[in-house]
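Please treat every number below as a calculation from the coordinates, not as lab data. If you're wondering where the values come from, they're calculated on a predicted model, not measured in any experiment. Note that we place each Cβ from the backbone using ideal geometry, even for glycine, and neighbour counts take in every protein chain shown.
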Amino acid sequence: MLRRTGLVREEVRPRRPPVPAALLTARVAALTYGPLMLVPSVVAVGTLLDGRLLALPVVVGWFVAGVAVSYVVLLLSVFLLRGHRWARGALAAVTILVLLVDLPLCWWLLGLDGLLRDGAPLAVAAALTGYALWRARRVTPPRTRSG
C-alpha cells in the first residue's frame, strides 16, 4: 500500500472465506466426470464399425451427456465452493445419475473389459466425491449472508 511515508507492506484480509479441503476434493473429483464419460463414448464408436449401427443414437446421446455433465458439474462446483447447501445435494444427485447412465452403457457397448477399463475410474471418482461431500457436511460452517 502506498502512503505518505512511502511504500508499506501490510497483510491483507482475504476477500473470500477459506474453503474446506473436502469441498475442493469433491470439486476436483466431480470435474472428472465429463472426461471419464467422453472417453468410453468415443471408444464405443468402434463398436459401430463392428455392425452395431442401431447403437448410433445411444453413442451420440452418451457423448452429448458427457459434455452436458461437464457443464453442469462446473456450474454446481461454483455454488458448492460458495457454501450453498443445495449444491451438495445436486452434486450427489448428478453423481448417482452419472453412475446409472455410464456404467450400464460401458457394460453394454464395451463389454466387461470396457466396464473395468472405463467404468472403474468413474466409480472411484464418484466414491471420492461422495466421501468428500459427506466429510464436508461435518466441517463446513453454515453459510452467512454479508451486507
Part-to-part distance (alpha-carbon centres) for the stretch 112-141 and the stretch 1-42, which is given in Å: 21
Magnitude of the charge dipole, the stretch 1-65, Cβ model with Lys/Arg +1 and Asp/Glu -1, debye to 20: 640
Percent RCO, i.e. relative contact order, over the stretch 54-134, from Cα pairs under 8 Å lying at least 6 residues apart: 24
About the Cα centre, charge dipole magnitude for the chain (Lys/Arg +1, Asp/Glu -1 at Cβ), debye: 1360
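Would you mind calculating the relative contact order of the chain from Cα pairs under 8 angstrom and at least 6 residues apart, reporting the percent as a whole number? Show your work: numbers first, answer last.
On the way: 125 pairs, mean separation 51.3, N = 147.
35 percent.
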Helix-only CD estimate at 222 nm, as mean residue ellipticity for the chain, using -39500 (n - 2.57) per DSSP H run (n ≥ 4): -21000 deg cm²/dmol
The stretch 113-120 - phi-based ³J(HN,Hα) in whole Hz, Karplus 6.51/-1.76/1.60, Gly and Pro as x: 4, x, 5, 6, 6, 9, x, 4
Among Val28, Val69, Val12, residue whose mean-square fluctuation peaks in a GNM of the chain (springs only between Cα atoms under 10 Å): Val12
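Using a 10 angstrom Cβ neighbour count of at most 10 plus a DSSP loop assignment to flag exposed trypsin sites (Lys or Arg not before Pro), which longest range of the chain is free of such sites?
Values: sites that count: Arg4, Arg9, Arg15, Arg143, Arg145.
Result for the longest clean stretch: 16-142.
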Cβ-based charge dipole, the chain, positive-most Cα from Leu49, Val59, Ala93: Ala93
In order through the stretch 22-32: 3J(HN,Hα) via Karplus (6.51 cos²θ - 1.76 cosθ + 1.60), integer Hz, x for Gly, Pro: 5, 5, 5, 5, 4, 5, 5, 5, 6, 5, 7
